[in-house]
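Asks: Here you go, one structure.
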Ligand code: KIV
C-alpha cells in the first residue's frame, strides 16, 4: 500500500470512517502509523500537551516546523497534516501561503487552519499554491480570546446556521476535509450531510465521516482528559511506576546489574 494522499481521504467519505490522531515527534509518529491511522495531525495542541503552555496561542511557526520535520522523518504511510499556528496566516494571503510552504518543505502533505468563512481567502490562496488544506470550525482554540474560553458551539439555531455557512464556504474555497470541534452532534451531522468533503470530528458526536483525538489523551499522558475524549490506557501511571522502580534499584545498588556492564580486556593498572 502506498502513502495516503489527500485525494484518498476525500474518497473515504461515505465508505469508511477516517481515523486521525495527533503526533508530535518521531516515536509517536512511528507508533500511530504502525497502528494504521489514516491521518497524522501535527497539532498545535503540542503547545499544551508537550511544551506545557496553558493554551495554543504561544506556539510559533518555528515550533511547528521542528515537530513536523520530526514526524516526517518517521516516513509514515499516513497523510501528515501540519497545523498552522496562531499568527502564521491571519494577517494576509501571502503570509498564509509562505507559512504553508514552510510546512510543505518540512514534510507535511497538507496544512490545517482554524476559521470559517472569514478565512476562505486564505484557504483559496494556499490551495492555489498547490498545498491541500484541511479546514477547522466549531470550537477554534486559537480564537479563544474572542470566544471567551473553551465552550461548546452550535447549540442554538443561529450559531448552527453560522457553522453550516462556514462549512460551505470552507468547502467552496477548496478545502479537502473539515475538522469540526466541540459542537452539538446534530449540527455536525447536518454539516456532514450538506458538504461533499469529509468531516472529521472531535467532541462533535458520532455522525461525522471520521474522528480525531489528541494522542496524549488516548494514552493518558494529560492531567485532565476532556469529557469527549477517551483514555485507552493510563501510560502516565505506568511511566511513574517504571521510573520509581529504576530509582529504587539505583538507590539499592541493584542497577546496573552484571548484564549492563562491560569489562576491561586486560588488567587496568593506571
Ligand atoms: O491541535 C490539535 O490537536 C487540533 C485537534 C484537536 C483537531 O487541532
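The values are calculated or read from the model by the stated rules, or taken from the named source; none is laboratory data. Quick caveat, the model's predicted, so the values are computed rather than measured. Here Cβ is always computed from backbone atoms with ideal geometry, including for glycine, and neighbour counts include all displayed protein chains.
Asks: Write out, first by first residue and then by second, each pair whose Cβ atoms fall under 9 Å of each other, whose residues are 6+ apart or on separate chains, and whose first residue, in region 249-264, is surrounded by 10 or more Cβ atoms within 10 Å (Cβ to Cβ) while the second is part of a loop (DSSP other than H, G, I, E, B).
Replies: 249/255; 249/256; 249/257; 250/256
Asks: Could you check region 190-218 and list, in sequence order, the residues that are near the ligand (Cβ under 10 Å from one of its atoms), without any contact (Cβ under 8 Å) to a residue 60 or more places away in the chain and touching a helix residue (DSSP H, G or I) at 6+ places or on another chain (Cβ under 7 Å)?
Replies: 201
Asks: If a residue has to be in a helix (DSSP H, G or I) and within 14 Å of the ligand (Cβ to nearest atom) to count, how many in region 128-145 make the cut?
Replies: So the count comes out to 4.
Asks: Could you say which residue among 24, 53 is over 16 Å from residue 179 (Cβ atoms), within 15 Å of the ligand (Cβ to nearest atom) and buried (at least 22 other Cβ atoms within 10 Å of the Cβ)?
Replies: Exactly one of 24, 53 is over 16 Å from residue 179 (Cβ atoms), within 15 Å of the ligand (Cβ to nearest atom) and buried (at least 22 other Cβ atoms within 10 Å of the Cβ), namely 24.
Asks: From (1) surrounded by 24 or more Cβ atoms within 10 Å (Cβ to Cβ); (2) closer than 28 Å to residue 70 by Cα; (3) away from the ligand (no atom under 13 Å from the Cβ), pick out the condition that doesn't hold for residue 125.
Replies: (1)
Asks: Specify which of the listed residues (169, 181) is modelled with pLDDT of 95 or more, in contact with a helix residue (DSSP H, G or I) (Cβ under 6 Å, 6 or more places away or on another chain) and surrounded by 16 or more Cβ atoms within 10 Å (Cβ to Cβ).
Replies: Exactly one residue qualifies, and that residue is 169.
Asks: State whether one or more residues within region 69-76 are crowded, with 24+ Cβ neighbours inside 10 Å, over 28 Å from residue 191 (Cα atoms) and in contact with a strand residue (DSSP E or B) (Cβ under 6 Å, 6 or more places away or on another chain).
Replies: Yes, that holds for at least one residue.
Asks: Restricting attention to region 192-203, and to residues there that are crowded, with 20+ Cβ neighbours inside 10 Å and under 14 Å from residue 14 (Cβ atoms), which single residue is nearest to the chain's Cα centre (by Cα)?
Replies: In this case the residue turns out to be 200.
Asks: Hey, another quick one. For region 37-47, give me each residue that is more than 8 Å from the ligand (Cβ to nearest atom) and touching a residue at least 40 places away in the same chain (Cβ under 8 Å).
Replies: Correct list: 37, 38, 39, 40, 42.
Asks: So which of 240, 261, 187, 270 ends up being more than 15 Å from the ligand (Cβ to nearest atom), at pLDDT below 95 and at negative phi?
Replies: After ruling out the rest, the residue left standing is 270.
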